[in-house]
1. Throw me the Rg/Rh for segment B:114-213, computed over C-alpha atoms with Kirkwood Rh, two decimals.
2. Just which residues of segment B:169-205 lose 50 Å² or more accessible area with every protein chain there, against their chain alone, with the probe set to 1.4 Å?
3. Residues of segment A:66-94 with accessible area at least 50 Å² lower in the all-protein-chain context than alone (1.4 Å probe)?
4. Report, in deg cm²/dmol and to the nearest 500, the calculated mean residue ellipticity at 222 nm for the protein assembly as shown, where each DSSP H run with n ≥ 4 adds -39500 (n - 2.57) and the sum is divided by the residue count.
5. Tally up the carbon and sulfur contribution to the accessible surface of chain B as a whole percent, 1.4 Å probe, everything protein left in place.
6. Between segment B:249-286 and segment A:124-191, what's the alpha-carbon centroid distance in Å?
7. Taking each pair of different alpha-carbon atoms in segment B:3-331 once, compute 1/r for the pair, average those values, and report the inverse of that mean as the Kirkwood hydrodynamic radius in Å to one decimal.
8. Please give the peptides B:239-252, B:57-70 ranked by average Cβ packing (other Cβ atoms within 10 Å per residue), highest first, as a rough proxy for protection.
Amino acid sequence: MHNSPLLRVNNITKRFGGITAVNEITFEIKKGELLGVIGPNGSGKTTLANLITGFVKPTSGTITFHGKDIHSLPPHKRVLLGIARTFQMVKPFYQLAAYKNLIIPLCSQRVKDMEGGKYGERDDIALDLLEEVGFERDSRVAYKPASILPQGYLKRLELAKAIALFPDLIILDELFSGLSLAEVASIIPIIEKLRVQGKAIIMIEHRLKELFRIADRIIVLNFGEKIAEGNADEVMESKAVKNAYLGAETE
Amino acid sequence: MAKRKERIDRGIKVRSDDIFALSSWREMLYLSSPRVLPIVIILFLAIFLSPYWQRVLLSVAVFGILSLSWDMLNQTGMISLGQSLFFGIGAYFAGTMNHYFGWHPFLTIPFAMIAGGLFCTVILMPLVRLRGIYFSMTTLILPIFFERLIEAARIFGGTEGLTGLQSLPYSWLELYLPLLFLLIVLFGFRRFMASDYGLVLKGIHDNDQSVKSSGININIYKAFVLFMASAVGCFAGAFITHVYLFVGMPVFALDYSILPIASSVVGGVGTFAGPVLGAFILVPLSEILRQFGGLRIVFYGMFLVIFIVALPDGIFPYIQRKYQQFERWVEVK
């Protein structure tokens, strides 16, 4: 039972009209595992994230989480079961101060069940969470409205919003995009720490070098299909992957 | 002795935001006067007014209540163009209960708030999936729909309306009931939006997808806001019914939809105090302009444009900012 997968995606397909965005993809992820998802633009990575989190409904196929079929649940119910995500285009609450952004996930039923709904202490929990993702404790940054924060902080805020939900599975949709090398380097330890805590992590990334360093396993998508799966070396050796990224060789 | 200017609010803000300690009566006064003064003005203004202007004040209160209801919806990202729906439904719920069953106004008004609020919530719930202009357009249609329904089906007195309704038992209630209600809703809504649940509503306004992915069922929150806003709007309609002793199709008039929006925009959207201030400016202004006869709307429109161009954020945020920037001379040691 200990080795049974946390999340299992089984033959999932999503069609938008005539376009098949995701075609019969199957994979699973265990607790404490970091799965990388890569693929060229438009290969269906974000649609896959939306399918797992419930923002789009699958045309066919099933998704089981903690052994329970979730493919027809709305997004907020999946969060209550323990799936959290970040968005590729960050979605902070711009009119609120950075730490107040975290009050909203902290108001969810999942956190109430876990923490006993400590009303009035949410501000403190929020400030602690922000420190965890790299907001300096002594600075005023946490109190500034999200609308004036630079991109690096917004990405960290987005990550903190996901962590605030005590998730078992976190889906990071291009968390590294738009960040400098130094910023990426400072976020990687946070992700490593989450994995050590036993959380399963799915990272959708274009920054392959950084991803390959931390991922246990990679799956590669192209035109909505899974064309390869394995560790970083296996994936890079795969002919199908070379063709997808560099174009097919001609003799 | 050298002197320099110093802002009053800085020290007070630091001491009162986190640790709730004030060091003098002057600080106490600085913090409490923006809250106490409006209450005193609203409650005692009527004593100094002629019966005609007391009538205007009643109108101000009713439009102030409708504006608060509008601003509550707006702060959750639902821009309503149909406040007259709440007003009309409240009026008809109270009017019919009084006319057909002889219920006392003390019974019809709370009933209209709760039942009318639930009724409006149920008919608006299918629309909460719509965003922005799509939600607004459908709210614009609903009051017209009910107006025509009553006309065509000849129900509840049809085009004639229901007349001879019971008045409130004491005449002073006709002025103080809406004024008190206005104050309660104003401070209640402000307190509510400052709570953690209010933050969730502001989050829905900013980005509903992000709230969904925070594990929150936004439909429950939106339903709750719809109920609060429509119950408050229904109160205004139910109350007016027992003042005019009449309920008819005019309760669905466009005025009840447009003026709350104009008040909010002039006063300051998203502050609750702004919309009330807007009603206190626009309703009397419209009365003063009556002497211009046919040109009234021209002047009224001109004032609206001037207000909005000069203070696009609204009057209340401007006053608030100036109050916070208030300076005094202090001696430099």
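The values are calculated or read from the model by the stated rules, or taken from the named source; none is laboratory data. Quick caveat, the model's predicted, so the values are computed rather than measured. Note that each Cβ is placed from the backbone with ideal geometry, even for glycine, and that neighbours are counted across all protein chains shown. Keep in mind that these areas ignore ligands, DNA and RNA; they rest on the heavy atoms of the full protein, side chains included. Shrake-Rupley method; radii C 1.70, N 1.55, O 1.52, S 1.80 Å.
1. 1.08
2. When all protein chains are present, B:Asp196, B:Tyr197, B:Leu199 each give up 50 Å² or more of accessible surface.
3. Flagged in segment A:66-94: A:His76, A:Lys91, A:Phe93.
4. -17500 deg cm²/dmol
5. Accessible surface attributable to carbon and sulfur in chain B totals 68 percent.
6. So the separation of the two Cα centres works out to 41 Å.
7. 21.2
8. Most protected by this proxy first, the peptides run B:57-70, B:239-252.
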